[in-house]
1. For the pairs Lys106/Lys134; Lys134/Lys159; Lys56/Lys134; Lys56/Lys159; Lys56/Lys183, note any where the Cα-Cα span goes beyond 25 Å.
2. Could you tell me which of rounded, prolate or oblate describes the range 38-122, using a ≥ b ≥ c as the square roots of the eigenvalues of the alpha-carbon gyration tensor, with rounded for a/c under 1.5 and, failing that, prolate when a/b is larger than b/c and oblate otherwise?
3. Hey, can you grab everything whose amide H is under 5 Å from the amide H of Val66? Only 5+ residues off in sequence or another chain; H modelled, so Pro and N-termini drop out.
4. Please compute the contact order of the range 79-152 in relative form: average sequence separation of alpha-carbon pairs under 8 Å and at least six residues apart, divided by the residue count, as a percent.
5. Determine the sum of side-chain charges near Asp119: Lys and Arg each +1, Asp and Glu each -1, restricted to other residues whose C-beta is under 15 angstrom from that of Asp119.
Amino acid sequence: MMNRFALALATAAALTVTTTPTAVAAGGTDTSRAAAERAAVYRATARYHRHSEAVKAGYVPDRYCVADPAGTGSLGYPHFNHSLDNSVDPARPTALFYEDDGHGGKRLTGVEWVVFDRDGSLATDDDRPSLLGKPFTGPQRGRFPGQPVHYALHLWLWKKNPRGAFEPFNPAVRCLPGTTRPKPHTP
């Protein structure tokens, strides 16, 4: 029986596709480029199914699971490698997302790229990046102290998101009770 890591590597290898450079979908998206970029993400992140490999590569685990404030799904446990902030390289995402695997470990579910807004203004978006045939969302305020106005692109590569592969939160990813960041007490 093939283990999950070997299966991930086999999947990544199988996704190394070659398509004609002229394949353009309605709306002007170069589907061959998007497919090649997606294959690069699979190849680059397959090794991170071993949680220890992600940590060794500089992805710092958040000890809390991040739930959707609307109450429908979550990001799971983000692992950021801030040396990869501003990357638009499909093989170098800024963050990896994990969920509890039910056996005391973590299972890789998705990735995210974060690119800082050049002028730091929420009112302009002339520097919006794109990857995988999709424009990044934003500009948006930083999510933690010190994070500048930025753009983000989520990809639920390793776990299907019923809302879509590029949606920020995944209803198929759940935070276990007691794993989310405690809310600050207000008097």
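The numbers here are math on the coordinates, done by the rules we state, and not lab data. Owing to the predicted nature of the structure, the values given are computational and were not obtained by experimental measurement. Here Cβ is always computed from backbone atoms with ideal geometry, including for glycine, and neighbour counts include all displayed protein chains.
1. Lys106/Lys134; Lys56/Lys134; Lys56/Lys183
2. Oblate shape, in that a/c is at least 1.5 and b/c is the bigger or equal ratio.
3. Under 5 Å from the amide H of Val66: Leu75, Gly76, Tyr77.
4. Relative contact order of the range 79-152: 25 percent.
5. -1
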